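Report on the structure given below.
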Amino acid sequence: MNARTETTRDATSPRNGATMLPPVDVIEDAAGITLYADLPGVPRDKLHLEIQADTLTIEGDVSLPVPDSMVSTHAEISVPRYRRVFTLSKELDTGNVTAELVNGVLTLRIPKSERAQPRRIEIRGA
Amino acid sequence: MYWSSFPRDAFAEFDRLQRELSRAVERSPSIRGFGRSSFPALNVGDTQQAVEIYAFAPGLDPASIDVQLDRGILTISGDRRADTTQTDKSTVHVNERFSGAFRRVVSLPDDADPDAVSAEYRDGVLHIAVKRRAETQPRRINVQ
């Protein structure tokens, strides 16, 4: 897969501001590509997935149960938004992507289009 | 609001960039662990009634997370298995997510009450609240 990570900020983004780059695993097999992304703190309704042409955008907002009067004393996560953009290659079937968000881990399955899948060619005996 | 209290200045941005760069470069962490880019990331905050700890630990079975409180030291530990079922026919293109054993330690203030701890795991974030002892909480004294 020609998964190319682009800059996390671009001027055309409808919602500007700082974002975090979520860590991902990308695994390819004969039938497609599986992408896992760590998005801790993102509930399902705050996750935005978009495929436009050959660009996959993953965006999520962190939502924590924080008491109003809390004063932060230590923060390793200080930006409440994840964003990451990938460029998909032609043989991927973007119409049949499945996505699942469990315990802050997004699993995206992008199958290859049937034409691109490996096929065994029968050799007929003479 | 909680998030807006963090500065969004150039230094903060640079710090974030540096952390991400070091995570990409440091493929062999020190013998004592992961240093700065440790898992899970922690946020800690104070209220008058409690200490609130948020551990960003996605993809865990809540029952497998071990939270211990011993003499004011809170320890969060566990094991995160790679859920990437790899076969001979598959190729790993990107592998950035943490896997393996982890352990993080937080030192609690003196007035933390070890008998009043609650822990909840939601959306991959472990939220631990440790109440402060009642006798140390601010109290209004009536003037006669």
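Name the pairs: first residue in the stretch A:50-68 and over 17 Å from A:Met20 (Cβ atoms), second residue open to solvent by 30 Å² or more (accessible area, probe 1.4 Å) and among the polar types (S, T, N, Q), Cβ to Cβ under 6 Å, at least 6 apart or on different chains?
Within 6 Å, the pairs are A:Ile51/A:Thr94.
How many residues are open to solvent by 90 Å² or more (accessible area, probe 1.4 Å) and acidic (Asp, Glu) when one looks only at the stretch B:121-144?
Filtering the stretch B:121-144 for residues open to solvent by 90 Å² or more (accessible area, probe 1.4 Å) gives B:122, B:131, B:135, B:138-144.
Restricting the remaining residues to those that are acidic (Asp, Glu) gives B:135.
Adding up the residues that qualify gives 1.
If I ask for residues that are within 16 Å of A:Glu100 (Cβ to Cβ), at the interface with another protein chain (Cβ under 7 Å from one of its Cβ atoms) and over 10 Å from the mean Cα position of the chain (by Cα), which ones from the stretch A:21-72 would you list?
Result: A:Ile27, A:Pro40, A:Val42, A:Pro43.
(1) within 23 Å of B:His93 (Cα to Cα); (2) crowded, with 17+ Cβ neighbours inside 10 Å: which one isn't true of A:Arg115, the others all being true?
Result: A:Arg115 fails condition (2) only.
Could you tell me how many of the residues in the stretch A:26-37 are open to solvent by less than 10 Å² (accessible area, probe 1.4 Å) and either closer than 14 Å to B:Arg97 by Cα or modelled with pLDDT of 95 or more (or both)?
Residues of the stretch A:26-37 that are open to solvent by less than 10 Å² (accessible area, probe 1.4 Å), as a first pass: A:26, A:32-33, A:35, A:37.
With the extra rule that they be either closer than 14 Å to B:Arg97 by Cα or modelled with pLDDT of 95 or more (or both), the set shrinks to A:26, A:35, A:37.
So the answer is 3.
Does at least one position in the stretch B:64-87 carry a residue that is within 10 Å of another protein chain (Cβ to nearest Cβ), closer than 25 Å to B:Gln48 by Cβ and surrounded by fewer than 16 Cβ atoms within 10 Å (Cβ to Cβ)?
no
Of all residues in the stretch A:80-112, which are hydroxyl-bearing (Ser, Thr, Tyr) and either buried (at least 18 other Cβ atoms within 10 Å of the Cβ) or touching a residue at least 60 places away in the same chain (Cβ under 8 Å) (or both)?
A:Tyr82, A:Thr87, A:Ser89, A:Thr107
In this structure, is A:Gly104 within 13 Å of the chain's Cα centre (by Cα) and within 30 Å of B:Arg132 (Cβ to Cβ)? Outline the logic, then answer.
Working: within 13 Å of the chain's Cα centre (by Cα): yes; within 30 Å of B:Arg132 (Cβ to Cβ): yes.
Judged against the criteria, A:Gly104 is a match.
The values are calculated or read from the model by the stated rules, or taken from the named source; none is laboratory data. All figures in this text were calculated on a predicted structure; none of them were measured in a lab. Please note: Cβ atoms are built from the backbone with ideal geometry, for glycine as well, and neighbour counts cover all protein chains shown. Surface areas here come from the heavy atoms of the whole protein model, side chains and all, with no ligands, DNA or RNA. Shrake-Rupley method; radii C 1.70, N 1.55, O 1.52, S 1.80 Å.
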